[in-house]
Every structure is written in C-alpha cells, then in structure tokens.
C-alpha cells in the first residue's frame, strides 16, 4: 500500500462505547460482587460471563418521533445461595438501560441527539519535577528528632519530587531533599506525611530488604514492627479497625485507591518494570524504583516531566464517562440494593430451567458479531425469535416461572437507579451536549472535539497561557488553528484529521518509515504516540521525495520530542504522511491556508461550521480533496450495501434487486429498501434532506452513492456557491466589512436556504381556582370550532379536529392547535343585563389555542400526534418550513476569515461588469485583505476564476512553498495563462497587472480608473440571519428587582444602551433622546406613568425628572457620577 487511508472520524466514540459494554461493566460489578447477606448466610454471586443485552423496543426513527431514548438493557445472571438450607436459585437481573451509540457517534436520549465530548485530562501515572527547596516537608525542629533510619546517607544538590497520580484515590508525593531525607506525602495536612521507610515497613517490607534495595549500608535499621510503623504514620485504630487494617483500607482497597490500567502501564514503562496490568496497587518495587529515579533526577541524570506534553495527557471518551455514571448509580443505591436483595430472597429451591434470557442484539447500526463474547460460554442452545422492533433477538426456549413479584421488584430497584444515573449524566454533565447539526462539517467537528473543561478538568478562570498554548507534541494530534474565540481559547481543541486514539486514550499520528534515506510505503503508515517520538527523529512532509522514494541529501529539519535539529536524511527515522496532517478537518478544508494569518484561519475554520445548507449548492471550484471524506464519514448520504439493479426510485425510498451471497444461497435475489429522510429538522433548525441521484434501471455496486445528504454534492461537502467577486469601494456601502450584492442572487435563489422550526404543545389539565379542567380540541366542542375572535381565514386552515392541516401557509398569530376550556367566569349583573337585552348567550368556552409566534411565517410540512407515556397527555408537534432568501442584514463569509453583513442589494444593471459583459455578484472592500493578512483568498479566487473558464476543478494541499519558491503564485498564474489561451479572452491574465483587469461601472458604462481584482470565490451563507435577530419593542416586561427592561428577543425585551452608545449620543448632542433612554425607557417608574398619562391626553414632550431622591432613576445617578468623574460641577436639587 503506497497511500495513506484516513481513519474513521467517529471511530473513537464507538470504540470507547463497546469497551464500556464488554469490559468496564464486568470490571465494575466484579468489585462489588459477591455480596453476603444476613451475616453470611446468603451469598449473591454474579456470573460475569453471562452478560447479555436486550434490543431496543423501538427503531431509531420511531424513538426519535416519540421523544424517547434509543437504549439497550443490560442483564446478568445472579445466583442466590442459602448455605443454611443448602438451596440456591438463579435469576436474570437488569442493571439499567444505557443509550446506544449510533454509527455516527451520537446518542438519542429522550428524543434529543446528544454527543459526549472527549475530555483531555492528566493521565494516571508518575510525574517527576525538580524545584528550589523553599519549604521543607519536614521542619528543622522535626529533623533533629529523626531516627538514623530516616536518613539514607545521600547528598544531593536540589530537592526532587515524584508525584503518583492514581485513577482513584489520594495523590502520593515522594520527596528527596538535599539532606537525604526520603519522605512521602498523601494529603494536604501536616499529619499526612512521613518517612518512606515507615511507609515501606507498614507495607510489610523487611528492614534488610529496604537496606539492600536502597543501597544504604552505613546505617543499621532498628527493628520497627508493621503495626508500629502504621501507628507512627498516623493510622490509628478506630471504628473497630486496627491501624494496619486502616492503612490497607486506605491504599490497598480498590474502592478507595487504584492506579488503573493506564497508571500501571505508565509506571511500568517509566521504571522498566514487568508488573502485570491487573496489579493496580502501589508495590514495593515501585517505591524502590521511585527512589532510584529521584536520586538520578536530583543530580541531573534525569529530566523533569512537562505536564503540557501530550504524553502526559489522555483522552476520556464516552465509555469512561458512562463507566463513572454506572459506578455512581451502584454506589448511591448500594445500601438500598442490599436491603431489596434481602427482602427478595426466597428460601425455597427453584429449578434453574425457569429462566428467560436474551442474548446479544442486532439492530440497524450494529450486527450481532459485536456481542459474540457475551454468549460464547452458554450451554443451552439458542434460536432466533421475532420481536416488535426492527431488531432481532436471541431467546432461550424456556418457561418464565421465576418472574414473580419479588424478582420484578428487585429488577426495578436496581435498574431504576442505574438508568437514572445515566440520564442524569446526559442531562447535567458539561461534556454531554446536544449535537451540532448545522451542516456535516459542524456535526463531524463536534463529534471529534476535545475539551480540557468539565468534571475533573480545568476551569477557564484559572487556566493559564501555558496550558492554552501550542506544544511540539501537538504536531499531527491537536490542531493549532481551530479553537474557539474568547474564554475557551486553547481549552477546547479539535484533533487533527489524521490522528487516532489508542487503547489507553493517547493520541497517535501516522508516519512513513525511513530506511537508509528511502521512504517505505509498502507496509503502510505507522502510528506513533508522543512518548515514542521522544526516542526517534521525525520530520514533517514538507520536502521533495524522488519517484523512487529517496530524500534529498541536504540536511533536513527534524524533531525528537521537544528538540529540533538539522540532520542528514540517514539519521531521520520517520516522515509525515501529508503536508497538512497537523490540522483539523475544518482547517484542512481551507485552500492556500498557509498564506493566511493564524487568527483569520481560525475564523475561517469556525465559520464553515456556521454555514447553512443552501437550496442550490455547488461544489467548490478550488478545494483541498478532503471534501469527500466529510461526506462519507458523516453518513449524511445513502450508500448501497450490495450491488444490484434499481427498479424503483421515489422521493421517500429506493428499491434495489440485489444478489447477496453472504446472506442467501447463490442466484437468489433479495429486495433491499433504502428509506430516505425528507425535510427533517436538525437541532439548529436547518433542513436535513436526502435526494436520490440514481435512476430506475441503473446497476449499482456496493458503496455507490444512492442519495446525497444535505450540504453535499456528488458525495462531497458543498456548503456555498462559487460567485464572481470584485474588490473595489462603492460609495461607502462596503465600508468596514459591509457587502454589496447583486439582485440576481435574490430572485435566482442563489443563496436561498430552508429552515425548519418545530412547535410543540399538548392537551394539558389546567387549574382554575380549586377546579381542574381538561383542555379540549376545538373540533370536539359544540358548535364546532367556537374559538372566540378567530377569523374565517384562520379557521379554514384547521381540519375537523381543530389541528392545522399539512401543506397550508401560516403567518404570525395563526392557530396551530385549536384548544378550548369551559368558561368558569361568573358574569356580573350588568353583563347579564346586556345579554338579556340583545338576546345573546355568554361564550361557553375560553380560548386556549396554540398560535404561531411573532416574526414567523412558513408552510406546514408535517404534523405529529402521539400520547405521552408518563402523563398520558396528547402531544402535538408541528414542523414549519421557511424559505429564506438573502436580504439586507444577513451575514456571508468566505473560507479565509473574510466575513461581512449585506448592506445593500443593487439591481443587476447597476452592478459593475467585466469586459465579457458578465456582471459581478459581490463587491467587497479591498482594504479587508492587507490589514487582515489573509492573502489566501486572493490565490483561491484567481485559481477559481481560471477554473471557471478552463472547465475543471482544482484540489490543492497547503505548504506547497516547500516544493519551490512561490509555488502557489506560479500555479495560479499558469492556470490563468492557460485559461486566456484556451478561451481567447485576454483580460483573464495580464502579466503587468498581477491578476487584475479593467471593470466597467454599470450605472454609467465608464471604465473604472484603476484595474480591479476580480475573483471567483466560494461564498457561504452563515446562520446569523436578520430574520432571527430583528426585533422592536414599544413597551414590554420589566425586571422585578431593577425595573429595567428584560433582555432577549424571545422575552420581548429591550435593547441595551451601553457606555459606548451613551458616548455616541452625547457626542451628537441628542439630549432629549438620551433623556428618554435613561429615564422613562429604563427604571423611572414615576416618569413612565406620567409619560403614559400625557400620551393619553395627547400632550407630547419631555417630563421633568422628579426632585425626589426615591423616584430618581438609577441610570440618572450613573450619568451624574460619570459627569462628576469628568470634573464637571454637575448639581441638581436634592
């Protein structure tokens, strides 16, 4: 294999989840079981090899529609033994339901797609450091009273420390100071430290062995018993435990202290030990190795550890967090669990043939081979049985005699607490977030994102520059570009697109091996961890390699850990696989990124995730080649699982006659149905749609694309459109990132997007006074639809039940669900008199209809109605699609951090046009390039211009300057020259004007004085749209405490007038406007009432501020204080 195959971007989630199912569950339960009840008379044994799962009751689509969790149930076989009566029985116990990880790496929890972020934390293991001895662990007055045994007779130059960081339990610090005192600390208080010799004696190590292993022969160790050593360390007898037992309970109980598999692995690797990974406690060999390492560290033979190096950090994935939630559920309910077990024990002996179990699961995402280990050791034969869901279940052919009330009660007790712990984790944890689905790259980046925040991690308030910065070990593992702007900069990162996570949670990046100056690609790429890189010399893929695979003979820049050097090729061990392997997938989608400033490249990678899918999208003319990787790994399209013949295609499904050899006998055809998702709403309100791209009669192969997903074209990521862009000022309408666009982009639906909003309501029970009244649909009342104040136009949109019909157009305040409640208001005497005079009847119902909010209009595409299982209420869910054309106030951007808001839409005839008569689509300000230093947009635009006239697309990789001086400019100019030669249009390339051409003014027809840069750039429409931001308020709700207008568009809030806005109004001298803003529109209650009274009397004008201090608005006090701070003698009556 002489090419590199990219890893699956969602593999880390699936790998961690199945490790949790097959390994972590058994490990956690084996630490608790067996249980002993009734003073040892009853023993409860769990059969760890009997792990089996029950398939979900609903399919993934039905679970999403009904807003439930797509989860599997966990079952174990548990045996109860009564030693007094010599009887036993075996039952099947449920240990909760865990949401199932889908093929995309996300979970469906209570109808919401959620993702569990990766968390980058300090790995369990040892950390060595050297520091100045400013404060000794053992004070001078205590040093004089030390026994000779506590001095090891070693003279050092500085104090050294080794920190043992366990997976669970207290941190252990081993110190070796300049006087030769070898001590240990396991807490923050003064009494939680002592001599390492006493610690070893408390562990049961003999004094002679300690003397031999520490190489201390000049002192004779006095005899100190283990009990005496534990007592001197501060472990006293209490609560019926001896001091020795208290010591072992603290450091050698898996519940209180464990190094973990990763911690034991790192200790073995650091000290060259061969202790089994199952031994996850601190051994004597560890302490002796720590002493030798401290001695070498203090005299300079060893180096301190860098805590920011990725070799000291590991990735916690979904499996680790689910293990913690499972452990929490067991710990919280352990006491009640034992009580329920004691109450559920039956003294009678029951035959074991009364057990009904389910082994394995097979659903639409995972096949049963994943769970093979779960039922390998079963003795009873299994057979396949149908169930209600789309999955298939293995079931034993046995009766169900043991499922009595006590067993049900026991199952419910255990399952409820563990399931609640899982749901609590998904609902409250900082690493559990709703999936970002604005577009495919947004979903994929969110699934791969890793954070240093969250439980057990850092806080943004205390994180310094060092932990946020870029480290040499990040090469090929963490992207130096893509990170959020603001407080989370450097704390939330995106892994490089070529990296993978190994079994222990450490990043690995691929390299080509080098043997005798030749790059070997036949055996495939080799993945190296940061620890392995410290022992080798590697170099990035930025140098020319001959066709036969040999490097140049000149010295090349290489790296080993944190060391950089120019070495001959014969001394270099590995070569990077790709020039852009250090970047994330979002940053790698930016062509010519090496010519952009780092800040603008960061903005470009972040804004690609904000691009909304367009109605008519295009593939980029200039890309990087990774667009197809995003389309395949996000699984937004539909691909065939087998070859076959297409005989039916519609907008909802595709039917294929397929010949599948591995499921049926040869020459037997099977019909495969592919369901398509049409007009589904994402978590961000964008439209998820799958469009078929095959025709009836086509022959397809396995893996062929049948239907493309949203924001893709031909299986490649396609977020925007290729538009003609001119860089010139235009009467100030493109000043400071403002954008001028052509009117043809509007009526040709070039930048039109579809957004789907979801509205939900239910028929609930209302409490009016002491009565509870059930809401009814308007169609169920008599007469039909007696909705007060409803117009005939609004009623015509409802069906016979009072629910909005699919396909109708709705606007603000239209009725979506007509709901009524019986009128319970007593009429006053005068109202009864009026009804008696006019012969009318009071309304029998009050309006409680669910209406469409303000600022919203669209077409109803789907109405869902179902019952809530918990409350038994009818729930209605209405989906409304909106087609939003580009308009003034919308935000558009390129891929290089160039962004702006549309300020004006010009008619097509007024736009500037080129020499071939083609009018420009967008006019940008040329001053936005040199100050932002994102020259990559110029290279992309000029190459896109050549691509348009040559008729081919280009895919470029970054850092092509390593292959020659100014290679990027040479590629662009050569393609422009070829386009000029091929089309005969000389204006495309003029060597004297460097890519510029003469442009004409559409209003006058005159040519502009200077040559203009014209490009064909890839433009994105961002989710920041004016329809979701525009807001107006006359009066509205006020805060209860401050009496200021509340904030937020959804709460009908006001607009904040900050300091800079006040300065601007003061600078213009708009005193009356400032008075209004700071008084009656703020917290002046009395002035607000007076102004309302004057408006009703049609008296308009300013209302003077009251001289009373208690009614003076607080904003006025702030203004007075600011004027006094400017040394102005501002006085007003007190």
Return the residue satisfying two criteria in turn: it lies in the stretch 745-772 and is within 35 Å of the chain's Cα centre (by Cα) and not in a strand (DSSP E or B), and of such residues it is nearest to residue 881 (Cα to Cα). 752
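Check the stretch 922-931 and report whether any residue there is part of a loop (DSSP other than H, G, I, E, B) and within 34 Å of the chain's Cα centre (by Cα). I'd like the intermediate steps shown before the answer.
Here is the first cut: in the stretch 922-931, the ones part of a loop (DSSP other than H, G, I, E, B) are 925, 929-931.
Narrowing the set further to residues that are within 34 Å of the chain's Cα centre (by Cα) leaves 929, 931.
Yes, the stretch 922-931 contains a residue that is part of a loop (DSSP other than H, G, I, E, B) and within 34 Å of the chain's Cα centre (by Cα).
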Within the stretch 1007-1037, work out how many residues are touching a residue at least 12 places away in the same chain (Cβ under 8 Å) and part of a strand (DSSP E or B). 11
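For (1) within 30 Å of residue 940 (Cβ to Cβ); (2) touching a strand residue (DSSP E or B) at 6+ places or on another chain (Cβ under 8 Å); (3) surrounded by fewer than 13 Cβ atoms within 10 Å (Cβ to Cβ), each residue gets a yes or a no:
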| residue | (1), (2), (3) |
| --- | --- |
| 821 | no, yes, no |
| 830 | no, no, yes |
| 845 | no, yes, no |
| 864 | no, yes, no |
| 878 | no, yes, no |
| 891 | yes, yes, no |
| 904 | yes, yes, no |
Report the residue count in the stretch 528-559 for those that are more than 32 Å from the chain's Cα centre (by Cα) and farther than 24 Å from residue 960 by Cβ. 3
Do you know which residues across the stretch 95-113 are in contact (Cβ under 8 Å) with a residue 60 or more places away in the chain, assigned to a strand (DSSP E or B) and surrounded by 19 or more Cβ atoms within 10 Å (Cβ to Cβ)? 95, 96, 97, 98, 99, 107, 109, 113
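Residues are listed down the side, and each one gets a yes or a no for (1) under 22 Å from residue 760 (Cβ atoms); (2) in a helix (DSSP H, G or I); (3) outside the structural domain of residue 772 (by TED's automatic domain parsing):
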residue: 793; (1), (2), (3): no, yes, no
residue: 806; (1), (2), (3): yes, no, no
residue: 812; (1), (2), (3): yes, no, no
residue: 820; (1), (2), (3): yes, no, no
residue: 827; (1), (2), (3): no, no, no
residue: 832; (1), (2), (3): no, yes, no
residue: 837; (1), (2), (3): no, yes, no
residue: 840; (1), (2), (3): no, no, no
residue: 843; (1), (2), (3): no, no, no
Of everything in the stretch 485-497, what is touching a strand residue (DSSP E or B) at 6+ places or on another chain (Cβ under 8 Å) and closer than 16 Å to residue 447 by Cβ? Give them in sequence order. 492, 493, 494, 495, 496
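Residues are listed down the side, and each one gets a yes or a no for (1) outside any helix (DSSP H, G or I); (2) in the same structural domain as residue 553 (by TED's automatic domain parsing); (3) closer than 19 Å to residue 721 by Cα:
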site	(1), (2), (3)
570	no, yes, no
581	yes, yes, no
586	no, yes, yes
599	no, no, no
602	no, no, no
607	no, no, yes
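Just to be sure, is residue 909 over 18 Å from residue 620 (Cβ atoms) and touching a helix residue (DSSP H, G or I) at 6+ places or on another chain (Cβ under 8 Å)? Let's see the steps before the verdict.
Details: over 18 Å from residue 620 (Cβ atoms): yes; touching a helix residue (DSSP H, G or I) at 6+ places or on another chain (Cβ under 8 Å): no.
So residue 909 does not fit the description; no.
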Test each condition in (1) closer than 26 Å to residue 528 by Cβ; (2) modelled with pLDDT under 90 for residue 276 and report the one that comes out false. (2)
Go through the residues of the stretch 288-296 one by one and say whether even a single one is buried (at least 19 other Cβ atoms within 10 Å of the Cβ), assigned by TED's automatic domain parsing to the domain that holds residue 129 and part of a loop (DSSP other than H, G, I, E, B). no
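Here's the yes/no breakdown for (1) more than 15 Å from residue 917 (Cα to Cα); (2) touching a helix residue (DSSP H, G or I) at 6+ places or on another chain (Cβ under 8 Å); (3) surrounded by 13 or more Cβ atoms within 10 Å (Cβ to Cβ):
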| residue | (1), (2), (3) |
| --- | --- |
| 995 | yes, yes, yes |
| 1006 | no, no, no |
| 1010 | yes, no, no |
| 1020 | yes, yes, yes |
| 1029 | yes, no, no |
| 1034 | yes, no, no |
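With the structure loaded, tell me whether residue 1065 is more than 14 Å from residue 1118 (Cα to Cα), touching a helix residue (DSSP H, G or I) at 6+ places or on another chain (Cβ under 7 Å) and modelled with pLDDT of 90 or more or whether it fails that test. Show your work before the answer.
Details: more than 14 Å from residue 1118 (Cα to Cα): yes; touching a helix residue (DSSP H, G or I) at 6+ places or on another chain (Cβ under 7 Å): yes; modelled with pLDDT of 90 or more: yes.
So residue 1065 passes the test.
May I ask you to verify whether residue 785 is surrounded by 12 or more Cβ atoms within 10 Å (Cβ to Cβ) and assigned to a loop (DSSP other than H, G, I, E, B)?
Working: surrounded by 12 or more Cβ atoms within 10 Å (Cβ to Cβ): yes; assigned to a loop (DSSP other than H, G, I, E, B): yes.
Yes.
Going by what's in this entry, would residue 695 be described as surrounded by fewer than 20 Cβ atoms within 10 Å (Cβ to Cβ), in contact (Cβ under 8 Å) with a residue 24 or more places away in the chain and farther than 30 Å from residue 111 by Cα?
Working: surrounded by fewer than 20 Cβ atoms within 10 Å (Cβ to Cβ): yes; in contact (Cβ under 8 Å) with a residue 24 or more places away in the chain: yes; farther than 30 Å from residue 111 by Cα: yes.
Yes; evaluated as a whole, the condition is true for this residue.
Identify all residues within the stretch 7-35 that are in a loop (DSSP other than H, G, I, E, B) and touching a residue at least 60 places away in the same chain (Cβ under 8 Å); write none if there are none. Spell out the reasoning first.
Keep residues of the stretch 7-35 that are in a loop (DSSP other than H, G, I, E, B), which gives 7-10, 31-34.
Selection gives 7, 8, 9, 10, 31, 32.
Filtering the stretch 62-94 down to residues that are in a helix (DSSP H, G or I) and in contact (Cβ under 8 Å) with a residue 24 or more places away in the chain, which residue is surrounded by the most Cβ atoms within 10 Å (Cβ to Cβ)? Spell out the reasoning first.
Going through the stretch 62-94, the residues in a helix (DSSP H, G or I) turn out to be 62-65.
Next, from what is left, pick out any that are in contact (Cβ under 8 Å) with a residue 24 or more places away in the chain: 63-65.
Working: 63: 22, 64: 16, 65: 14.
If we take residues in the stretch 62-94 being in a helix (DSSP H, G or I) and in contact (Cβ under 8 Å) with a residue 24 or more places away in the chain, then 63 is surrounded by the most Cβ atoms within 10 Å (Cβ to Cβ).
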Kindly indicate the residue of the stretch 509-535 that is assigned to a loop (DSSP other than H, G, I, E, B) and buried (at least 17 other Cβ atoms within 10 Å of the Cβ) and also modelled with the highest pLDDT among those meeting that condition. 529
Output yes when any residue across the stretch 213-222 is assigned by TED's automatic domain parsing to the domain that holds residue 254, within 24 Å of residue 286 (Cβ to Cβ), modelled with pLDDT of 55 or more and crowded, with 18+ Cβ neighbours inside 10 Å, and no when none is. yes
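The values are calculated or read from the model by the stated rules, or taken from the named source; none is laboratory data. Model, not experiment: these values are computed from the prediction. Here Cβ is always computed from backbone atoms with ideal geometry, including for glycine, and neighbour counts include all displayed protein chains.
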